[in-house]
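Just below is one structure, and these are the notes that go with it.
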Amino acid sequence: MELGASEQDESAISEATAQVPALSARVRGAELARMLSGPVDHANAIVSIHPGTGGNDAKDWGQMLMRMYLRWCERRGYKTELIDYQEGDEAGIDGASFSVQGDHAFGYLRSENGVHRLVRISPFDANARRHTAFAAVEVTPDIEDEIDIQVKDEDLEITTMRAGGKGGQNVNKVETAVRMKHIPSGIVIVCRAERSQHQNRRMALKMLKGKLYEIETQKREDQAAVQAAGKAQIAWASQIRSYVLQPYRLVKDLRTSYQNGNVDAVLDGELDDFIEAYLLAAAGGTLKKGGVAEDLDA
């Protein structure tokens with residue numbers, strides 16, 4: 001384009017300009033592919049929705065969010081399956097969960113983790129006043145939670161000894177018992193129940209892996225407890241995105257500042273621009289922390 005401009009070649013400028021949209025799309029696709037390279041981004045997802053502050057408006061908002069995500073999944077060709085659905089007493093839902101199966105479902109939907117805020121004229125208010133409602137969206141990867149325990153030979157200190165006590169003819173004559181110490185953890189396993197050293201070694205290794213599995217599981221549970229304790233209340237000062245239907249119409253993500261005035265389209269599942277903005281901001285380290293949006297009554 002610069003060359004065409006310097007030579008005042010209109011055809012060269014037109015040709016270069018025509019290539020920009022395709023090149024831009026390729027660059028954006030490459031950036032998104034880089035952002036979806038996490039260890040579980042490829043996985044299916046489980047989406048859970050929990051109404052928060054706002055009474056019936058919050059329960060209705062939860063159902064609206066569920067429809068929005070199901071429509072988004074439908075647009076992308078993702079398969080969904082309802083896991084849990086608790087209907088509200090008067091309106092909406094008390095809670096719902098569904099699975100999403102498709103390429104990089106979790107990688108895309110992880111951008112939706114957090115509290116979503118709705119501002120509108122409440123259909124449940126006889127005086128037609130404006131109400132604010134909140135609902136939390138939780139997205140987790142749908143993978144088999146198997147912990148692969150790898151034990152390196154160099155991490156093991158193995159000694160053999162005579163089994164002792166009553167048993168077969170080899171007992172007290174051959175060193176069939178095995179004492180196995182896992183050096184990194186300090187765990188010691190002694191196995192002498194089997195008739196051969198090979199069998200005792202195999203059993204000791206199995207027992208060691210079981211203990212290491214328990215330790216790793218406990219570690220994950222402790223981390224999950226810490227995370228749960230730190231979860232924000234589903235209310236003010238914790239939202240990631242605001243959906244305003246009154247007094248103006250605007251959907252704004254507080255982490256990326258991306259906004260869209262076509263609220264109906266967003267609520268009908270057009271979320272790709274919000275998701276891409278989140279992924280690209282996360283890649284560039286420019287994500288903002290969610291929080292209080294503007295005061296509509298000011």
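The values are calculated or read from the model by the stated rules, or taken from the named source; none is laboratory data. Remember, it's a predicted structure, so these values are computed and weren't measured experimentally. Neighbour counts run over all protein chains shown; Cβ positions are idealised from the backbone, glycine included. Protein only, heavy atoms only, side chains kept; ligands, DNA and RNA dropped before computing areas. Shrake-Rupley method; radii C 1.70, N 1.55, O 1.52, S 1.80 Å.
Each residue in region 237-253 was checked for being in contact with a strand residue (DSSP E or B) (Cβ under 7 Å, 6 or more places away or on another chain), modelled with pLDDT of 95 or more and open to solvent by 30 Å² or more (accessible area, probe 1.4 Å), and 3 of them qualify. Residue-level analysis places A45 among those that are in contact with a helix residue (DSSP H, G or I) (Cβ under 8 Å, 6 or more places away or on another chain), in a strand (DSSP E or B) and either farther than 17 Å from E90 by Cβ or in contact (Cβ under 8 Å) with a residue 12 or more places away in the chain (or both).
Restricting the first member to region 21-33 and to residues that are without any contact (Cβ under 8 Å) to a residue 24 or more places away in the chain, and the second to residues that are open to solvent by 70 Å² or more (accessible area, probe 1.4 Å), no beta-carbon pair is closer than 7 Å while six or more apart or on different chains. Taking the criterion of being part of a strand (DSSP E or B), in contact (Cβ under 8 Å) with a residue 40 or more places away in the chain and within 17 Å of the chain's Cα centre (by Cα), the residues of region 75-132 that qualify are A96, S97, F98, S99, V100, Q101, G114, V115, H116.
Quick grid of which residues meet (1) farther than 21 Å from H116 by Cα; (2) in contact with a strand residue (DSSP E or B) (Cβ under 7 Å, 6 or more places away or on another chain); (3) crowded, with 16+ Cβ neighbours inside 10 Å; (4) not aliphatic (A, V, I, L, M):
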{"site": "M1", "(1), (2), (3), (4)": "yes, no, no, no"}
{"site": "A18", "(1), (2), (3), (4)": "yes, no, no, no"}
{"site": "V27", "(1), (2), (3), (4)": "yes, no, no, no"}
{"site": "G38", "(1), (2), (3), (4)": "yes, no, no, yes"}
{"site": "G55", "(1), (2), (3), (4)": "no, no, yes, yes"}
{"site": "L70", "(1), (2), (3), (4)": "no, yes, yes, no"}
{"site": "G77", "(1), (2), (3), (4)": "yes, no, no, yes"}
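This table checks each residue for (1) in contact with a Cys (Cβ under 9 Å, 6 or more places away or on another chain); (2) at pLDDT 85 or above; (3) farther than 20 Å from L280 by Cα.
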{"site": "D9", "(1), (2), (3)": "no, yes, yes"}
{"site": "A12", "(1), (2), (3)": "no, yes, yes"}
{"site": "A16", "(1), (2), (3)": "no, yes, yes"}
{"site": "S24", "(1), (2), (3)": "no, yes, no"}
{"site": "R28", "(1), (2), (3)": "no, no, no"}
{"site": "E31", "(1), (2), (3)": "no, no, no"}
{"site": "G38", "(1), (2), (3)": "no, no, no"}
{"site": "H42", "(1), (2), (3)": "no, yes, no"}
